[in-house]
Amino acid sequence: MRVWQGLVKLFEACNNGESVAQFHSLLLKTALIWDTFLSSKLQNLYSIYMPIQTARKLFDESPKRTAYAWNSMIKCYCKEKKYDDTLGLFSVMLSFEKPDNFTIPIVLKACSGLRALHFGRMVHGFVKKNDCINSSLFVGSGLIEFYSKCGYMEDALSVFEEYDQPDVVLWTTLITAYEQNDDPEEALYIFNRMVEDNGLVPDPITLVSLVSACAQLLDLNSGRSVHAFMIRREIQGGLSLWNALLNLYTKSSSVKAAAHLFRVMEEKDVISWGCMISCYAHNGSATRALELLSKMIVIGIQPNSVIVISALQACEATGNLEVGRKMHKLAVQKDFELDISVATALIDMYMSCNSPDEATDIFERMPEKDVVSWSAVLSGCVQNGMAHKSMEIFQGMIYSEIPPDSVMMVKILAACSEIGILQQACCIHGYLIRGGFDNNYFVGASLIESYAKCGSLEDAVKVFDGIQERDVVIWSSMIAGFGFHGHAKQALELFHQMIKNTKIVPNNVTFLSILSACSHGGLLEEGIKLYNKMVNDYKLTPESKHYSIMVDLVGRTGDLGQAMAIINQIPSPVSAHVWGALLGASRIHQNMEMGEVAMKNLSLLDPDHAGYYILLSNMYAVDGKWDVAAEVRNTVKEKQLKKLSGQSTIQYSVQR
DNA sequence: GTAGGGTTAG
């Protein structure tokens, strides 16, 4: 008896593999290996402290295998995510021992991991036959999670409904299941039922799923009330809950709220940093995102693949090829360069930074490609002036039997617009009718744009007329279409028709289209009127694109003083395009003084843009100042800047 | 001895 007690003390002291092995040999020596309590403890220690092979060896050699021993060994495999082995051992176990309520949840977890529908259903059958349901909530949550992971929410729900008195964990499992099956509304509804109809109090994990559902719905208000609830009740919640909140603020573009939360969080892990970096990267503060990343590395947190993706997006936005390449190197080091999402983000980054060759190299090395990666390469080709390649890419994807989605269709249409071959647009139109994409708003809008850009306003109008329910994007595209063709009056007519006859409210893009139509049609007064309407009546905040159109509009008419006045009103910072518009107007009206002012700013904001220097040098040349003109041209040479010569093609006629 | 949770490309 004293030996036994000593051994119990000893096993309590086991905290590494070596001591477990010693404990085991002692049990063998003293023949106490037969003691069920001690041998169970030994099994449990295996799964914690021993490498799985050692544990398996001891398990195989052990003279007596209790149900506990089987469970521990199975759990061991499951913990290491060796789900095949988990199920394999479970199958062997069935010949020796009857699984109990402790075995079932572990096995179900493995089925979930493998999405092994048949196996899981078989386990469910076993559970029903042995009536485990009512004796164990653990089995229930295992089943719910399993069906949810396989996407079978109806089965998950019916398991839940078998319980008369589900506890908070079971409710939470169901809420999480809906949240992860893209049904956040239902998740919120279930939560309400749990709290209001059943009077249960949510625990921090319930709140994690709740906040995640709010984030999916971009329901900032509900999310905030959870945050307030936590503060009121002084719920500590743990890191996951804070991270879920941080994600909510990130997703709903509440940069300030996110930054504040991030600042006050006492504990932060790599996910918290990742949320904050992605928040900056997606909300126009790419530089901040990169700064935060270097800060993170300095304090010794290693970036994971998710963070590398966010950083790449920040590089993309700022055109920072240098940091982009560094991220690439890091991804290679960490061995996730060719993970589908990392590789796709790399392709986007290289394409946006004008390095299509590096992007293509990655694409060709990818072992697995999906519609997103194909889309990235396709639109990258268009961005880099190789739209002619895009049809080949599209075909390549079809051959590899990956079905296109609506985003892909939008991109291929953009490629058509760029190439300007009407027949191609017609073919794609046919393809997307057959594929059932023609009732998608974005596809419809792109189709209108493509027809207009390929020269057939007629077809664009036909598509527009054929769309029964038009949203603001469809209207805007049609307005822009008239604008491309210089029909400013028709564009205006359509705009007024939209406001008068529909409940659709024009947005920033609509105004961009209509203002650009006015600018190209020389409708100065109308343009100014509409701009005022946009700001005063619709309370829209103009973006730099609106400003550059206004400068363009006013500048074209020759009133450069007025154009300058507009620039002076812009709340800083003024983008390069705005000064570019002023430079262009100065060139038209040969206003040297304004041209030099514009160039001074441009040489700071976009010093590597060859086109601006050439415009300026042409102005000097017209003025007869040949020496200054030559000097400017020399700058271009010294900087080794290249101006891609402008080219545009459009198919002249189509036989139909 | 067993269960539910946070970040990921267009």
Exercise. Quick check, is A:Ser272 at pLDDT 95 or above and farther than 28 Å from A:Ser575 by Cβ?
Worked result: yes
Exercise. Is it the case that some residue within region A:554-569 is under 34 Å from the mean Cα position of the chain (by Cα), free of Cβ contacts under 8 Å to residues at least 40 places away in the same chain and part of a helix (DSSP H, G or I)?
Worked result: no
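With the condition kept exactly as written, say whether any residue in region A:310-328 is of a type in the set (Lys, Arg) and more than 25 Å from A:Val226 (Cβ to Cβ).
Within region A:310-328 (the criterion being of a type in the set (Lys, Arg) and more than 25 Å from A:Val226 (Cβ to Cβ)), the answer is yes, since at least one residue qualifies.
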Problem set entry | Sole residue being within 11 Å of DNA strand B (Cβ to nearest atom) and loosely packed, with under 15 Cβ neighbours inside 10 Å, chosen from A:Glu401, A:Glu368, A:Glu392 | A:Glu368
For this session: Could you tell me whether any residue of region A:427-441 is of a type in the set (Asp, Glu) and part of a helix (DSSP H, G or I)?
Result: no
Seminar exercise, completed: Filtering region A:224-240 down to residues that are among the aliphatic types (A, V, I, L, M), closer than 11 Å to A:Leu207 by Cβ and assigned to a helix (DSSP H, G or I) yields A:Val226, A:Met230
Exercise. A:Val211: buried (at least 18 other Cβ atoms within 10 Å of the Cβ) and either in a helix (DSSP H, G or I) or within 11 Å of DNA strand B (Cβ to nearest atom) (or both), yes or no?
Worked result: yes
Problem set entry | Number of the exception - A:Thr541 against (1) surrounded by fewer than 17 Cβ atoms within 10 Å (Cβ to Cβ); (2) hydroxyl-bearing (Ser, Thr, Tyr); (3) in a helix (DSSP H, G or I) | (3)
Exercise. Does A:Asn243 satisfy the condition of being of a type outside the set (A, V, I, L, M, F, W, C), near DNA strand B (Cβ under 7 Å from one of its atoms) and under 28 Å from A:Gly319 (Cα atoms)?
Worked result: no
Problem set entry | Looking only at region A:142-199, and only at residues there that are closer than 23 Å to A:Phe126 by Cα, within 13 Å of DNA strand B (Cβ to nearest atom) and aromatic (Phe, Trp, Tyr), the one that is surrounded by the fewest Cβ atoms within 10 Å (Cβ to Cβ) | A:Tyr163
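If you check A:Asn247 against the conditions, is it under 18 Å from A:Met276 (Cβ atoms) and of a type in the set (S, T, N, Q)?
Yes.
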Exercise. Considering only residues of region A:88-141 that are outside any helix (DSSP H, G or I), under 18 Å from A:Asp155 (Cα atoms) and hydrophobic (A, V, I, L, M, F, W, C), which is farthest from DNA strand B (Cβ to nearest atom)?
Worked result: A:Ala116
Problem set entry | Cβ-Cβ under 7 Å pairs, at least 6 apart or on other chains, region A:184-208 side acidic (Asp, Glu), far side in a helix (DSSP H, G or I) and within 8 Å of DNA strand B (Cβ to nearest atom) | A:Asp203/A:Val168
Problem set entry | Failed item in (1) at pLDDT 95 or above; (2) more than 23 Å from the chain's Cα centre (by Cα); (3) more than 11 Å from A:Ile144 (Cβ to Cβ), with A:Glu179 passing the rest | (2)
Seminar exercise, completed: Conditions (1) among the aliphatic types (A, V, I, L, M); (2) assigned to a helix (DSSP H, G or I); (3) in contact with a helix residue (DSSP H, G or I) (Cβ under 8 Å, 6 or more places away or on another chain) -> A:Val201 fails only (2)
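The values are calculated or read from the model by the stated rules, or taken from the named source; none is laboratory data. Since the model is a prediction, treat every value here as computed from it, not as a measurement. Glycine also receives a Cβ, built like all others from the backbone with ideal geometry; neighbour counts cover every protein chain displayed.
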